[in-house]
């Protein structure tokens, strides 16, 4: 049985590895799978990235459906990966289990909260890894670590067996070292194989640039993505925010997420009084202190914003949008730098989040030693088309790492 060592990604939960064989034969035969510590594996405790959560919960009886689907397609589980505590972070640090290592620069953070999954894939310790994404917890670490990843349409993949955080935003996402494996895993998770042959192939998605979202990124990221868009002759422009203030998208997400945390995690926190890391504890305190009356205002705002976004986005379009506003954060980033990162990262993540849209991420050639990623959103249900898009675009631009 494997145990975690001081070498490699540092993305695994400490102690003996949670290993499970494949249960079927299929497109993922021989694929090594990591599973975020928010997702159930039968016979193992889902620890949520927090030791007090782990000790107050019993082992799962069943695999989460997402784990069962991948094992059924031939993948074997080789371990549970570190999560930021109860998924409440985009940085990739855990006060109890440490920060997984960035694949290119030891002074950078890997991004979170699916930090261990992204790092394990980037370090080639697994071929495929499951994560969860609420406000960007798959998309940000994929961008920071330079790996392919997918956040599906909200509701496409069951959330049974997944620790609930903010369920109206929560999704199961996944990482892979290349777009082809990302697509094959997506077909298993989304049930695509059962439908192949029953429908006409959809036409390729028309590529556009969400210029207002691109403007939120730091210059190095913005310029790299704009240069790539010009190279790909993507010249159709769209507006992610539809003329509204991007800060409203951030504020709506922060309030609505916080109120859902109150409902789904709050009772356990009040009962258990768990030990949280110094950076995480104030976030839960703030969420639990929110006034529920704010929910009505921002729920109405969200419904209208999502409807207007659906009207602006053509059913055959895919919009280029940054998965993260910057290259991977420095481990020494101060509170002001982290705060600025959070506002813009969550505002970018909220475009797909508020409307339940799918979003794919894949690496471009390394720039300044850190690989930027391209990312596209599309209309609800266009998951498979985004996965096909990634396989079309990514091979022409392999990562140089």
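The numbers here are math on the coordinates, done by the rules we state, and not lab data. Remember, it's a predicted structure, so these values are computed and weren't measured experimentally. Cβ placement follows ideal geometry from the backbone for every residue including glycine, while neighbour counts extend to all protein chains displayed.
If you project the alpha carbons of the stretch 170-252 onto the principal axes, what extent comes out on each, in Å, largest first?
On the principal axes, the stretch 170-252 reaches 41, 34, 27 Å in Cα extent.
Cα-based Rg of the stretch 225-354 per 2.2 N^0.38 Å, rounded to two decimals?
Numbers: Rg = 17.7 Å, N = 130, 2.2 N^0.38 = 14.0 Å.
So the stretch 225-354 has a normalised radius of gyration of 1.26.
Determine the distance separating the Cα centre of the stretch 303-356 from the Cα centre of the stretch 225-285; give it in Å without decimals.
A separation of 8 Å, based on Cα centres.
Would you mind checking the radius of gyration and Dmax of the chain based on alpha-carbon positions, in Å?
Calculated on Cα positions, Rg and Dmax stand at 19.4, 56 Å.
Let me know the whole percent of all Cα-Cα pairs from the stretch 27-75 that are separated by more than 17 Å.
For the stretch 27-75, the fraction of Cα-Cα distances above 17 Å is 37 percent.
Can you pull the Kirkwood radius for the stretch 119-271, inverse mean 1/r over Cα pairs, to one decimal in Å? Can you show the working numbers first?
Values: mean 1/r = 0.0552 Å⁻¹.
The answer is 18.1 Å.
Give the Rg/Rh ratio for the stretch 1-115, taking Rg as the radius of gyration of the Cα atoms and Rh as the Kirkwood radius, to two decimals.
0.98
Let me test this: with uniform point scatterers at the alpha carbons of the stretch 267-328, what is the Debye-based log₁₀ I(q)/I(0) at q = 0.20 1/Å?
Scattering profile of the stretch 267-328, log10 relative to I(0): -0.94.
Compute the relative contact order of the chain as a whole-number percentage, counting only Cα pairs closer than 8 Å that sit 6 or more residues apart in sequence.
With pairs under 8 Å counted, the relative contact order is 18 percent.
Between residue 124 and residue 226, what FRET efficiency comes out of the Förster formula 1/(1 + (r/R0)^6) with R0 = 22 Å and r the beta carbon distance, rounded to 0.05?
Efficiency, rounded to the nearest 0.05: 0.10.
Which percent, to the nearest 5, of DSSP beta bridges fully inside the chain are antiparallel?
Counting only bridges with both partners in the chain, antiparallel ones make up about 65 percent.
Can you compute the helix-only [θ] at 222 nm over the chain? Use -39500 (n - 2.57) per DSSP H run of at least 4 residues, normalise by all residues, nearest 500 deg cm²/dmol.
Values: 13 runs with 142 residues, N = 401.
After summing the helix terms and dividing by the residues of the chain, the value is -10500 deg cm²/dmol.
Run a plain Debye calculation on the stretch 198-239 (Cα atoms as equal point scatterers, no solvent) and give log10 I(q)/I(0) at q = 0.24, 0.28 Å⁻¹, rounded to two decimals, same order as the q list.
Reported log10 I(q)/I(0), two decimals: -0.81, -1.00.
Order these peptides, 288-299, 10-21, by their mean beta-carbon neighbour count within 10 angstrom, highest first. Spell out each step's value before the answer.
Working: 288-299: 12.8, 10-21: 17.8.
Order by mean packing, descending: 10-21, 288-299.
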